[in-house]
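Some notes on the structure that comes next.
The values are calculated or read from the model by the stated rules, or taken from the named source; none is laboratory data. Values in this document were obtained by computation on a predicted structure and should not be read as measured data. A quick note on method: Cβ atoms are made from the backbone with ideal geometry, for glycine too, and the neighbour counts reach across all protein chains shown.
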Amino acid sequence: MRGVLRTIAPESRRLLLACLLGACALGAGIGLLATAAWLISRAAQHPHESALALGIVAVQFFGLSKGLARYGQRLVGHDAALRALADLRVRIYRALEPLAPSGLAAFRSGELMARFVDDVDSLQDLLVRVIAPFGVAILVGVGTVALEWAVLPAAGAIVAVALVLAATVVPWTTNRLARRTEAAQAQVRGELSAAVVEAVRAAPELTAYGAMDRKLEEAQAIDARLARIARRGAVTAGIGQGLATLLPALATFGCLLVGVSAVRAGRLDVVFLAVIAIVPLAAFELASPLPAATQTLARVRASLGRVGEALEAEPVVVEPPRPRALPGGPGPHAIRVRGLGCRYGDGGALVLDGVDLDLSTGRRVAVVGRSGAGKSTLARVLLRLAPYQYGSVTLDGIELSELDGDACRQVVGLLSQDAHVFDTTIRANLCLARRDASDEQLREALRATRLLGWVDRLPAGLDTPVGELGERMSGGERQRLAAARVLLADFPVMVLDEPGEHLDTATADAIVADVLDAARTRAVLLITHRLAGLHAADEVIVLDGGRVVQRGTHDELAVRPGAYADMWRREQGLR
Ligand SMILES: Nc1ncnc2c1ncn2[C@@H]1O[C@H](COP(=O)(O)OP(=O)(O)O)[C@@H](O)[C@H]1O
Ligand SMILES: [Mg+2]
């Protein structure tokens, strides 16, 4: 909640202005009634016309300014709320972005996402429907009490007590009671519908055994219980509303009583008697939105609590306070991994344990291993998407943990297992990698992943929409489009995480071969569990349980007894 409130802080001046304008509107209403009461009382004394002139002007002024102030309040209040909302959205995105991809598991599902959007929106309710009414109530309440006090202190005291009751006890108790009946009603309503549904479904059996009447009596008993609860709820709601109506009446009556005795004692000019009696009636308008505001507050607190959790979520990778710069320049790049050890969370088992790896421009290294061996984790570490606890990983001689994550990711690119294809055209999907790519560059990337022929056969060519999640493409075409995108981005170091995943072996092997071929001038780390085509790699590393169990070229490993030879034989046997 504190994180959320920090979002409101920059808008506090606008919010205050909105509250002031709201107070002016309500205050003008009270002023209107007060001056009107004074005017009528004074007129009853038949004074000279000039004695009433000021009162008449005041009535006109209050009448006009009420509408203007109300308009201003709405304008400024919503403006502040929408600004705060925009700011909160950006901050949430900033907080969530570093969590991706490994820390987002808790927020991934669509239902959660939708709720998250609603949760953020409830900030607007907090500002417009909770803070504003309470702010206005406090300002106007204090003003009204001061006014009454100035005219007659006893009347001020009465109004103060009544207003405090109306603003606190009444909304709080009615809310509590309403919530309790709501909960009780929901349960009994459930029982009733269960009983009715059963009676209908089992009607033939119930009739056959002569048990229908008993069943119906049962349902009637539940219905009677429901009615009793509803009646009780209506009574409490009625009491709440009654109190809300009774309080201003009591305050008016009290003010009238103390006013009359003050007039008798000569402590109050009689023209003010109507004023002190009628002002409380207008002032209680400030209490009318408060029960709803209290209810909204309860809901909004739960929502904003969830938002706060997201804002305060620990980033998976902590960025260095003063990141070092990469040497830059078009020269060759090199990644050096020594004794890499890495785990998820504190105290978990090591997912990578003592991994060594050398990758440099022009070199192609393959990492193989069964599912869960830690291959994707290695990719994440190299892209600075996951932290590492032991050993050293350097990019061009600089330790990765001293680099800004985005700077690292400008050099190292990833083609992930299930790369996202956006619901837009082929061109827009590719231009994500390079905004100003020319048609020729786009076609070149498509040619490299052998997608150009397919695109050229489409009537709309590059401007063909691919549908949500690329549903209008086959799995292979989708994966090839993602590969073309990564090639277009032209990362000097490319990490390909199982680019053939979910594809038939022929397509998978073709994609791997194409990408390896197209990336000849870069450094490539190919993660795969298919071994076909790995003779093109300069080195093959076999991971098992996070450790490197074998390394060498495909030709060496295929004949050396061990995990790789076993995998290779199994793969050959499958064909
Ligand atoms: N975000 C995560 N949080 C906790 N554990 C994870 C996370 N991602 C992967 N793991 C665990 O790390 C191990 C290695 O996973 P991964 O690197 O994805 O393996 P591979 O890509 O080789 O199949 C697995 O045991 C997996 O359960
Ligand atoms: Mg994986």
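Quick notes on this one:
- Considering ARG370, ARG409, ARG380, the condition of being within 16 Å of ligand 2 (Cβ to nearest atom) and surrounded by fewer than 21 Cβ atoms within 10 Å (Cβ to Cβ) is satisfied by ARG370 alone.
- Taking the listed residues ARG2, ARG89, ARG6, ARG108, the one that is at pLDDT 80 or above and of a type in the set (D, E, K, R) is ARG89, with no other qualifying.
- Tally of residues being within 16 Å of ligand 2 (Cβ to nearest atom) and over 15 Å from ARG364 (Cβ atoms) across the range 470-496: 2
- Being in the same structural domain as ARG94 (by TED's automatic domain parsing) and either within 16 Å of ligand 1 (Cβ to nearest atom) or modelled with pLDDT of 80 or more (or both) is a property that holds for THR294.
- ALA506 fulfils the conditions (1) part of a helix (DSSP H, G or I); (2) within 16 Å of ligand 2 (Cβ to nearest atom); (3) over 30 Å from GLY331 (Cβ atoms) except for a single criterion, (2).
- Only listed residue being modelled with pLDDT of 90 or more, under 29 Å from ALA510 (Cβ atoms) and within 16 Å of ligand 1 (Cβ to nearest atom), chosen from LEU378, LEU442: LEU378
- Applying the set (1) assigned to a helix (DSSP H, G or I); (2) within 30 Å of GLY545 (Cβ to Cβ); (3) charged (D, E, K, R) to GLU285 leaves exactly one unmet item: (2).
- Residue, surrounded by the most Cβ atoms within 10 Å (Cβ to Cβ), within the range 21-75, restricted to residues that are of a type in the set (Ser, Thr, Tyr) and out of contact with any Phe, Trp or Tyr (no Cβ under 9 Å at 6 or more places or on another chain): SER65
- Hits in the range 260-276 - residues which are in contact with a Gly (Cβ under 8 Å, 6 or more places away or on another chain) and assigned to a loop (DSSP other than H, G, I, E, B): LEU268
- Condition check for THR521: assigned to a helix (DSSP H, G or I), more than 38 Å from the chain's Cα centre (by Cα), surrounded by fewer than 23 Cβ atoms within 10 Å (Cβ to Cβ) and in the same structural domain as VAL421 (by TED's automatic domain parsing): no
- ASP346 within 16 Å of ligand 2 (Cβ to nearest atom), surrounded by fewer than 18 Cβ atoms within 10 Å (Cβ to Cβ) and farther than 24 Å from TYR564 by Cα: no
Yes/no per residue for (1) part of a strand (DSSP E or B); (2) surrounded by 16 or more Cβ atoms within 10 Å (Cβ to Cβ):
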position	(1), (2)
ILE278	no, yes
ALA293	no, yes
PRO315	no, no
GLU319	no, no
ILE335	yes, yes
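- Of the residues screened, THR144 is one that is touching a residue at least 12 places away in the same chain (Cβ under 8 Å) and surrounded by 20 or more Cβ atoms within 10 Å (Cβ to Cβ).
- Hits in the range 362-375 - residues which are part of a loop (DSSP other than H, G, I, E, B), over 19 Å from GLY339 (Cβ atoms) and within 10 Å of ligand 1 (Cβ to nearest atom): ARG370, SER371, GLY372
- Contacts under 7 angstrom Cβ, first residue in the range 505-529 being more than 23 Å from ASP566 (Cα to Cα) and of a type in the set (A, V, I, L, M), partner within 16 Å of ligand 1 (Cβ to nearest atom) and at pLDDT 80 or above, 6 or more apart: ILE511/PRO499; VAL515/LEU496; VAL515/PRO499; LEU516/LEU526; VAL524/LEU496
- Number of residues in the range 412-424 that are modelled with pLDDT under 90, away from ligand 2 (no atom under 16 Å from the Cβ) and of a type in the set (A, V, I, L, M): the value is 1.
- Single match in SER401, SER392 (criterion: more than 16 Å from ligand 2 (Cβ to nearest atom), among the small types (Gly, Ala, Ser) and in a strand (DSSP E or B)): SER392
- Exactly one residue out of LEU340, LEU352, LEU359, LEU326 is modelled with pLDDT under 90, among the aliphatic types (A, V, I, L, M) and either within 16 Å of ligand 2 (Cβ to nearest atom) or not in a helix (DSSP H, G or I) (or both): that is LEU326.
- Counting only helices (runs of 4 or more DSSP H) that sit wholly inside the range 1-99, those with at least 3 residues that are in contact (Cβ under 8 Å) with a residue 60 or more places away in the chain and under 29 Å from VAL271 (Cα atoms) are 12-43.
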